[in-house]
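Contents: one structure, followed by commentary.
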Amino acid sequence: MKKPFDPYADYQPEDFSFTKKNKKKIEQIISLYPQGRQQSAVMPLLDLAQRQVAEEGTRAEPVYGGWISRAAMDEIAKILGMHKIKVYEVASFYSMYNISPVGKHLVQVCTTTPCWLNGSDEVIKSCKSHLGIDINETTKDGKFTLMEVECLGACVNAPMVQINDDYYEDLTPETIKEVLALLCEDMKPEIGSQKGRKASMPLTGATSLEDQAKKAGVE
Ligand code: FES
């Protein structure tokens, strides 16, 4: 569940500016839209701001993850010639934008029906006990924020969790702990199915379209 946008919260920084490299990217992004429609770039610019903050967060002590402050939204409104409120509306509507501070690894556990039927309650319990935090909390070292979300479109490999840009699927209470432990050590866990199956094919391998599976190099 996403936290409400609080433009006056004490964690809001005074200002925000894009890096030189990202200012160049912004020019490229805006040029993709027809004349007079530059405001359509609001979504990629919000994403860029969030990724810039995430990058800065990896060098901070304690670390933090990508999120979009009010100052960043105001800067985007200025760049695109939009009313600030319109940028706030977009950022607060879509769940991929974090509008309050988060940890370096944002752990989003899907608890919609297919994931729930396949054990997402146990996955959440495991995350809580391993990280020592509750839903919508961040660990003291800034490494993890735990969040509960609705269907992320990988129901076929339920239960699953999204951590930053990656999906971890076919989870058990044990395998989610292994994923979290590796991330805590700045290591990269294998993404996708944690049971070793390829995409959403059966655990025993292809049972239909076998010729195509062979051609794709999948046994
Ligand atoms: S129900 Fe969890 S990914 Fe769809």
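The values are calculated or read from the model by the stated rules, or taken from the named source; none is laboratory data. Not measured: the values here are computed from a predicted model. Every residue, glycine as well, gets a Cβ built from its backbone with ideal geometry; the counts of neighbours run over all protein chains shown. Note: accessible area is taken over every heavy atom of the protein model, side chains too, but ligands, DNA and RNA are not part of it. Shrake-Rupley method; radii C 1.70, N 1.55, O 1.52, S 1.80 Å.
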### Residues of segment 154-171 satisfying the condition of being within 16 Å of the ligand (Cβ to nearest atom) and under 22 Å from Ile99 (Cβ atoms)
Val161, Gln162, Ile163, Asp165, Asp166
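Looking only at segment 174-198, filter to residues that are part of a loop (DSSP other than H, G, I, E, B) and touching a residue at least 24 places away in the same chain (Cβ under 8 Å); which one of those is nearest to Gly57 (Cα to Cα)? First the steps, then the outcome.
At the first step, the residues of segment 174-198 found to be part of a loop (DSSP other than H, G, I, E, B) are 185-191, 194-198.
Checking the rest, the ones that are also touching a residue at least 24 places away in the same chain (Cβ under 8 Å) come to 191, 194-195, 197.
Details: Ile191: 22, Gln194: 28, Lys195: 32, Arg197: 34 Å.
Per the stated criteria, the residue is Ile191.
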### Query
Does Asp141 satisfy the criteria of being of a type outside the set (A, V, I, L, M, F, W, C) and within 16 Å of the ligand (Cβ to nearest atom)?
no
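Which residue, of Cys110, Cys155, Cys127, is over 19 Å from Pro189 (Cβ atoms) and hydrophobic (A, V, I, L, M, F, W, C)? Full working, then the answer.
Numbers: Cys110 fails: over 19 Å from Pro189 (Cβ atoms); Cys127 fails: over 19 Å from Pro189 (Cβ atoms).
When all the criteria are applied, what remains is Cys155.
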#### Entry: Where Ile133 falls short, out of the listed (1) of a type in the set (Val, Ile, Thr); (2) under 17 Å from Ile163 (Cα atoms); (3) not assigned by TED's automatic domain parsing to the domain that holds Leu182
(3)
### Query
For segment 99-126, how many residues are away from the ligand (no atom under 12 Å from the Cβ), within 16 Å of Trp67 (Cβ to Cβ), open to solvent by less than 30 Å² (accessible area, probe 1.4 Å) and free of Cβ contacts under 8 Å to residues at least 60 places away in the same chain?
3
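Any chance segment 65-72 includes a residue that's crowded, with 18+ Cβ neighbours inside 10 Å and closer than 26 Å to Gln35 by Cβ?
The answer is yes; a qualifying residue exists.
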### Task
Taking the residues in segment 175-206 that are open to solvent by 70 Å² or more (accessible area, probe 1.4 Å) and modelled with pLDDT under 85 as candidates, determine which candidate is nearest to the chain's Cα centre (by Cα).
Ala199
### Message
Which condition from (1) of a type in the set (D, E, K, R); (2) in a loop (DSSP other than H, G, I, E, B); (3) under 30 Å from Asp186 (Cβ atoms) is the one that Glu14 breaks?
### Response
(3)
### Query
How many of the residues in segment 9-41 are open to solvent by 70 Å² or more (accessible area, probe 1.4 Å) and either acidic (Asp, Glu) or in contact (Cβ under 8 Å) with a residue 12 or more places away in the chain (or both)?
8
### Query
If the Cβ limit is 9 Å and pairs must be 6+ apart or interchain, which residue in segment 72-89 that is modelled with pLDDT of 95 or more and among the charged types (D, E, K, R) pairs with which residue that is open to solvent by 40 Å² or more (accessible area, probe 1.4 Å) and not in a helix (DSSP H, G or I)?
Asp74/Asp15; Glu75/Asp15; Glu75/Ser17
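Restrict the check to segment 84-97 and report whether at least one residue is touching a strand residue (DSSP E or B) at 6+ places or on another chain (Cβ under 7 Å), within 30 Å of Gly132 (Cβ to Cβ) and open to solvent by 10 Å² or more (accessible area, probe 1.4 Å). Reasoning before the result, please.
Narrowing segment 84-97 to residues touching a strand residue (DSSP E or B) at 6+ places or on another chain (Cβ under 7 Å): 95.
Narrowing further to those that are within 30 Å of Gly132 (Cβ to Cβ): 95.
From the residues that got through so far, the ones that are open to solvent by 10 Å² or more (accessible area, probe 1.4 Å) too are 95.
There is at least one residue in segment 84-97 that is touching a strand residue (DSSP E or B) at 6+ places or on another chain (Cβ under 7 Å), within 30 Å of Gly132 (Cβ to Cβ) and open to solvent by 10 Å² or more (accessible area, probe 1.4 Å).
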### Summary
Sole miss for Ile135 among (1) aliphatic (A, V, I, L, M); (2) in contact with a strand residue (DSSP E or B) (Cβ under 8 Å, 6 or more places away or on another chain); (3) open to solvent by 60 Å² or more (accessible area, probe 1.4 Å) is condition (3)
### Task
Look at Asn157 and say whether it is polar (S, T, N, Q) and open to solvent by 60 Å² or more (accessible area, probe 1.4 Å).
no
